[in-house]
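Visitor: The structure under discussion is supplied below as structure tokens; questions concerning it will follow.
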Amino acid sequence: MNNNTLELLAPAGSMAGLKAVIAAGADAVYIGGARFSARAFADNPEEEDLLAAIDYAHLRGVRMYLTVNTLIKEAELEEMLAFVRPYVLHGIDGILVQDWGALVALHERYPTLPLHASTQMTVTGPESARLLKAYGVTRVVPAREMSLEELKMIHDESGLEVEAFIHGALCYCYSGQCLMSSLIGGRSGNRGRCAQPCRLSYGVERQNEERNSGKKSGKKGTKGDRRSQTISGRLLSPRDLCTLDQLPGLVESGVISYKIEGRMKQPAYAAGVVSVYRRYLDLYQQDPAHFAVREEDRQLLFDLFNREGFTDGYLTRHNGRDMMAMKETRPEGNHNEAVYAEMKRRYVDREKEVPVTGEAQVQLGIPMSLTLTTADGRVSYRAEGPVPEMATGAPLSADRIERQLAKTGGTGFIVTGMSVTADPNVFVPMGQLNALRREAAAGLAAAILAPFRRGEAEICLESPDQEMPADAKASPVSMRRLTVGLRRTCSEASLKADSAATDQYESTLPVLTASCETDEQFDTLVTLSAISRIYYPAALFSLKNEAEQRRIITKAHEGGKAIFLGLAHVERPVDGAFVDHFLPDEEALLQMGIDGFLVRSFETLARLVNRGLQAFVTADASLYTWNHQAASFLRQLGIGELTAPVELNRRELCRMAGTYTEMALYGRQALMVSAQCVKKNTTGCTGQWGFTALTDRTDRQLLVKNECAFCYNVIYNSVPLALFNDAADWRKTGICAWRLMFTDERAAACRQITEKAEAALRAGIRFENGAAFTRGHYGRGVE
């Protein structure tokens with residue numbers, strides 16, 4: 001393999017793309033197969049072609065990584081393991097994974113296989129990265145939103161290799177947390193089918209207060225007249241990433257693999273980008289003191305593709321309007337056809353050949369031979385042919401033999417030097433020389449590829465249990481805790497021993513829980529007897545002084561409710577200073593009376609597990625458990641309560657019966673979590689928590705929560721989920737708690753919706769939902 005310390009990792013959406021980026025200088029290539037890839041619409045090769053692609057790369061000293069970076073359904077786990085098997089045996093260098101269940105299954109089946117945590121896993125800190133090491137993960141691809149400081153922290157504290165995106169398209173949402181395409185259009189980004197609704201136009205209303213002085217009208221001044229102005233454009237469309245100038249900082253941060261996005265783009269684009277970054281990675285490694293980017297290379301990247309120019313991303317900033325392509329008139333971007341043609345000529349229309357030297361012996365009385373050796377001298381192969389004949393006519397000269405044996409076209413090799421030892425009166429038919437050359441080339445290729453092959457002994461042949469393992473299912477204790485108002489007062493031992501609780505267990509199911517965003521909602525919920533647990537937002541809690549915080553806890557408990565803090569959707573190392581200053585640590589919160597935590601971020605989950613607080617964690621739907629292996633992953637960490645994933649349908653949830661303890665019954669579902677801020681980028685940052693309305697091209701309004709405490713946005717669906725008429729399915733799914741998720745509802749609406757939910761769950765009453773609600777994926781699911 002190549003010996004570059006820093007790996008330039010290029011995309012390949014096809015065989016043509018693979019060959020082009022290798023010709024342009026890639027050290028490694030990532031590619032998807034026919035299934036389970038996050039680019040389902042790329043020209044992904046079928047098995048035979050992908051096996052050939054692995055060999056093509058390895059012959060040229062280039063590493064090959066396979067993307068299995070989608071979420072895997074329960075019925076697909078064994079199919080996925082069988083799908084990757086031929087590539088593992090053939091020598092794939094690693095597999096990129098999003099799904100925790102896939103991670104666990106792959107590590108169990110192929111224990112020597114290096115696994116890479118995809119950016120789709122939303123790793124945003126060292127705690128989550130460290131946790132993955134035990135499952136065969138050797139490399140992590142953190143979220144694109146990470147700063148240089150955070151990348152260094154992940155590298156230094158986890159001990160894992162760090163791979164970072166350096167060029168190409170940016171998602172508006174944290175990768176792996178986007179459900180916009182899925183819930184609005186039915187095409188799931190978690191299944192590689194994103195329709196990119198973020199590239200469309202949206203509008204935001206800005207309120208302007210104009211004071212009429214009355215000078216022209218002759219009237220006295222009036223009170224402020226509030227008028228709205230619509231700011232519209234591609235408000236969710238980031239510019240493409242370009243980090244040429246940031247390469248020194250990335251190197252100093254410990255990044256080892258430099259990843260270019262672009263499996264859906266043309267081979268000429270990917271090859272052109274690779275050629276530029278190849279030049280500057282080499283320059284920095286050879287002469288860092290004189291690292292400088294030439295303007296003509298910036299222009300080349302600009303001509304290859306841009307959206308209203310470029311951004312260097314989040315490496316040195318948290319967000320900003322200058323990172324966005326809000327005025328771009330072409331959502332598909334811009335490129336220069338002449339530059340494409342030139343890149344095609346340089347890299348697409350030619351293939352990289354492997355330099356070798358040859359040594360031939362063509363002498364009377366002994367079998368002729370040809371030895372081919374790689375340029376680095378590490379691998380050789382000697383082929384033998386028939387014994388040459390005495391020439392009866394014109395003999396075959398050494399020059400003629402050399403020319404014939406050097407014709408290695410189609411083999412992937414190019415002969416850079418050939419020595420021939422030949423008797424002066426020897427003759428060999430051209431067919432025999434050609435056969436000798438073919439055998440030598442094939443033998444050398446096999447010798448180069450042999451070390452990559454894996455044997456059957458490296459595979460654990462035990463199949464995953466067809467029956468769902470016990471550790472994937474919710475324990476009766478975890479289920480029963482949901483029926484107990486104050487979970488923290490009931491230890492596991494007491495629950496097991498409490499026969500009364502056991503007798504009443506079935507009669508108390510199902511239960512209602514509720515999440516709130518405002519104090520008005522909280523004050524209403526604590527008065528409703530149907531609600532057994534309230535999830536209170538940690539960001540709002542942090543704005544209170546200690547006395548106010550204690551009053552909130554006491555109020556919930558006096559109302560017979562357990563109170564959990566709903567923690568951040570995304571936790572990052574940079575949030576630590578804020579949390580430490582405004583919010584007590586979790587142990588102190590528990591001592592104050594908080595009963596547990598609704599955890600939405602992988603980093604938060606890992607941090608609480610590492611601190612021994614897993615018993616107080618309820619995993620939200622954003623911590624994906626689409627299959628029993630993923631559920632086992634969390635249960636083995638000590639997480640008892642799991643929220644059902646948003647994208648599974650009724651049939652798939654029934655297949656996972658007994659796994660999930662809670663599911664959303666009502667509420668606006670989160671479509672995106674973004675480090676960007678709609679309000680800041682349109683009307684300016686106020687630093688105040690609140691909601692903004694985002695209007696799409698069909699005049700639907702998407703609610704945007706400004707989570708200023710942690711500086712991110714949550715974009716919600718325009719219509720709330722309502723599964724009141726499906727509530728009776730709880731017995732089939734085994735889900736015993738149903739959550740009402742309140743966002744901007746006022747007190748009266750909270751009360752009315754809770755009453756409706758109770759009627760549906762307890763009495764089986766059906767309601768006419770109408771167009772103002774959606775069933776989400778409960779009826780349809782995702783492909």
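The values are calculated or read from the model by the stated rules, or taken from the named source; none is laboratory data. Since this is a predicted model, take the numbers as computed values, not measurements. Note: ideal-geometry Cβ built from the backbone for every residue, glycine included; neighbour counts use all protein chains shown. Accessible surface is based on the protein model in full, side chains and every heavy atom, while ligands, DNA and RNA are left aside. Shrake-Rupley method; radii C 1.70, N 1.55, O 1.52, S 1.80 Å.
Visitor: For the chain, what does -39500 (n - 2.57) per DSSP helix run (n ≥ 4), summed and divided by total residues, give at 222 nm, in deg cm²/dmol to the nearest 500?
Guide: That comes out to -9500 deg cm²/dmol.
Visitor: Treating only the Cβ atoms of Lys and Arg (+1) and Asp and Glu (-1) as charged, compute the dipole magnitude of the chain about its Cα centre; round to the nearest 20 debye.
Guide: In debye, rounded to 20, the chain gives about 2640.
Visitor: Taking Rg/Rh (Cα atoms, Kirkwood Rh) as the quantity of interest, determine which of [x] 1.06; [y] 1.47; [z] 0.99 was computed from the displayed structure.
Guide: Evaluating Rg/Rh (Cα atoms, Kirkwood Rh) on these atoms matches [x].
Visitor: Which one of 95, 116, 58 has its Cα pushed farthest toward the positive end of the charge dipole of region 55-119, where Lys and Arg give +1 and Asp and Glu give -1 at the Cβ?
Guide: 58
Visitor: Remind me, relative contact order of region 516-659 in percent, using alpha carbon pairs under 8 angstrom and six or more residues apart?
Guide: Details: 179 pairs, mean separation 25.1, N = 144.
It rounds to 17 percent for region 516-659.
Visitor: In terms of the Cα gyration tensor, with a ≥ b ≥ c the square roots of its eigenvalues, is region 272-404 rounded because a/c is under 1.5, prolate because a/b exceeds b/c, or oblate?
Guide: Prolate, because a/c is 1.5 or more and a/b exceeds b/c.
Visitor: Keeping every protein chain present and rolling a 1.4 Å probe, give me the accessible area per residue for the chain in Å².
Guide: Averaged over the residues of the chain, the accessible area is 39 Å².
Visitor: Continuing with this model, one more query. Evaluate the distance, in nm, between pseudo-label points positioned 7 Å from the Cα of residue 530 and of residue 775 along their respective Cα→Cβ axes.
Guide: Placing both labels 7 Å along Cα→Cβ, they lie 2.1 nm apart.
Visitor: Continuing with this model, one more query. Identify, among 667, 623, 593, the residue whose Cα sits farthest towards the positive end of the charge dipole of region 547-675, taking +1 on the Cβ of Lys and Arg and -1 on the Cβ of Asp and Glu, with the dipole about the Cα centre.
Guide: Among 667, 623, 593, the one farthest towards the positive end of the dipole of region 547-675 is 667.
Visitor: Now, a different point. Sort 389-397, 14-22 by packing, meaning the average of other beta carbons within 10 Å per residue, with the highest value first.
Guide: Values: 389-397: 12.4, 14-22: 24.8.
For the peptides 389-397, 14-22, the packing ranking is 14-22, 389-397.
Visitor: Which whole-number percent is the relative contact order of region 589-740 (Cα, under 8 Å, 6+ apart)?
Guide: Relative contact order here is 22 percent.
Visitor: Could you tell me which of the pairs 133/544; 544/679; 73/133 are separated by over 31 angstrom between their Cα atoms in the structure shown?
Guide: 133/544
Visitor: Ordered by packing density, taken as the mean number of other Cβ atoms within 10 Å over each peptide's residues, highest first, how do 91-98, 157-164 rank?
Guide: Descending mean neighbour count gives 91-98, 157-164.
Visitor: Moving to a separate point now. So how strong a dipole does region 692-783 carry about its Cα centre when Lys and Arg Cβ are +1 and Asp and Glu Cβ are -1, to the nearest 20 debye?
Guide: Dipole size: approximately 240 debye.
Visitor: Taking the Cα centre of the chain as the origin and placing charges on Cβ (Lys, Arg +1; Asp, Glu -1), which of 724, 5, 334 is farthest toward the positive end of the dipole?
Guide: So the residue furthest toward the plus end is 724.
Visitor: With r defined as the distance between the Cβ atoms of residue 85 and residue 134 and R0 fixed at 30 Å, what FRET efficiency is calculated, to the nearest 0.05?
Guide: Working: r = 23 Å, r/R0 = 0.77.
Approximately 0.80, to the nearest 0.05.
Visitor: When you take every Cα atom in region 587-721, what is the radius of gyration, and what is Dmax, the widest Cα pair distance, in Å?
Guide: Spelled out, the Cα radius of gyration and Dmax of region 587-721 are 17.2, 49 Å.
Visitor: In nanometres, what is the gap between the two model label sites at residue 5 and residue 685, each 7 Å from Cα along Cα-to-Cβ?
Guide: 3.6
Visitor: I would also like to ask the following. Here is the link list: 259/344; 152/327; 555/705. Which ones come out longer than 29 Å on Cα distance?
Guide: 152/327
Visitor: Give me the percent of accessible area attributable to carbon and sulfur for the chain, probe 1.4 angstrom.
Guide: 49
Visitor: Normalising by the residue count of the chain, find the relative contact order in percent from Cα pairs under 8 Å and 6+ residues apart.
Guide: So the answer I get is 14 percent.
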